[in-house]
Amino acid sequence: MLRDITFGQYYESNSLLHKTDPRFKIVILILLIVFIFLAKNAFSLGFAAAAMAAVMLISRVPLRLYLKNMKAILPVLLFTAVINLFYGDGGRVLFSVWKLTVNTEGVYRAVFMAVRIILLILISSALTYTTTPNDLTDAIESLLSPLKFIGLKNAVHTLAMMMTIALRFIPTLIEEAEKIMNAQKARGADLENGSLKDRVKALIPILIPLLISAVRRAYELAEAMECRCYSGGEGRTRMKQMHLKARDLWVSLVSAAMCGGV
């Protein structure tokens, strides 16, 4: 299951989305998330799904990476669908179990919510697959730059750095957790069988080493930044400067049309 989580990883390619200004991609991501939540019927959500399929095609990221993320959140999808299955207020009754009734409206609601969650995960994955952690840091800092005028000059860079480091270390911690689990299995630990209480207890030998490893990596990262005389955003220059280009404006217009279509 841990191998299926690819969120936070960057996939190198030469697509239009990879070349687009990361600031525009973050703004577009926020807008699409908002408009997906505003979608109230199957037609608008279907248009959003078609638009997301076009984004996935343009990104040139293999479909298997997107599907891995879907496999990782499958329990959440099933739980959400089952919960919404019994909240239908109308339609033809399909069957009843005890005091719970499933009707056509409930089925529609369950499918609608599941598709909405899938689209949200796909959009977020498209951003991380096509944007490097350094570009994300610079883009977040640039978008939050107006906060510098209210006395939060140093906090803006610190916040952007914290968010990017957290995103960057998701794949690292997942890999570390998988190694610890394999090591515990080699020692005879049973992590998959038994009651729920037994499986929760079996996670303790995994969580404690993982926590120690995360703290150790944090100390190593802090020492590395200190050895390189890292001092935050004050007077700091960048090797790669972000400049708006014609393709960024075209991508923005197309994205605005997508939101309008939804």
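The values are calculated or read from the model by the stated rules, or taken from the named source; none is laboratory data. Given the structure is predicted, the values throughout are model-derived calculations rather than measurements. Here the Cβ positions follow ideal geometry from the backbone for every residue, glycine too, while neighbour counts run over all protein chains shown. Each accessible area value is taken on the protein alone, full model and side chains, heavy atoms only, with ligands, DNA and RNA left out. Shrake-Rupley method; radii C 1.70, N 1.55, O 1.52, S 1.80 Å.
Quick look at the numbers
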| read-out | value |
| --- | --- |
| The one condition in (1) under 27 Å from residue 71 (Cβ atoms); (2) part of a helix (DSSP H, G or I) that residue 13 fails to fulfil | (2) |
| Residue in region 177-198 that is surrounded by 12 or more Cβ atoms within 10 Å (Cβ to Cβ), part of a helix (DSSP H, G or I) and in contact with a Lys or Arg (Cβ under 8 Å, 6 or more places away or on another chain) present | yes |
| Residues located in region 96-137, provided they are modelled with pLDDT under 85, hydroxyl-bearing (Ser, Thr, Tyr) and not in a helix (DSSP H, G or I) | 96, 101, 132 |
| Tally, over region 179-209, of residues that are at pLDDT below 80 and not small (Gly, Ala, Ser) | 11 |
| Residue 92 vs. criteria open to solvent by 30 Å² or more (accessible area, probe 1.4 Å), touching a Ser or Thr at 6+ places or on another chain (Cβ under 8 Å) and modelled with pLDDT of 85 or more | no |
| Qualifying position, being surrounded by fewer than 17 Cβ atoms within 10 Å (Cβ to Cβ), within 19 Å of the chain's Cα centre (by Cα) and not small (Gly, Ala, Ser), among 158, 172, 164 | 172 |
| Candidate set from region 36-47 (those that are surrounded by fewer than 16 Cβ atoms within 10 Å (Cβ to Cβ) and assigned to a loop (DSSP other than H, G, I, E, B)); member that is modelled with the highest pLDDT | 41 |
| Of residues in region 175-199 being closer than 21 Å to residue 209 by Cα and among the small types (Gly, Ala, Ser), the one farthest from the chain's Cα centre (by Cα) | 188 |
| Selection count where residues are charged (D, E, K, R) and at pLDDT 75 or above, scope region 149-167 | 0 |
| Residue in region 217-232 that is closer than 28 Å to residue 26 by Cβ, out of contact with any Asp or Glu (no Cβ under 7 Å at 6 or more places or on another chain), open to solvent by less than 80 Å² (accessible area, probe 1.4 Å) and not in a helix (DSSP H, G or I) present | yes |
| Filtered residue count, region 109-151, keeping only those that are among the aliphatic types (A, V, I, L, M), within 22 Å of residue 243 (Cβ to Cβ), open to solvent by 40 Å² or more (accessible area, probe 1.4 Å) and in contact (Cβ under 8 Å) with a residue 24 or more places away in the chain | 1 |
| Single residue of 33, 58, 28 found to be open to solvent by less than 30 Å² (accessible area, probe 1.4 Å) and at pLDDT 85 or above | 28 |
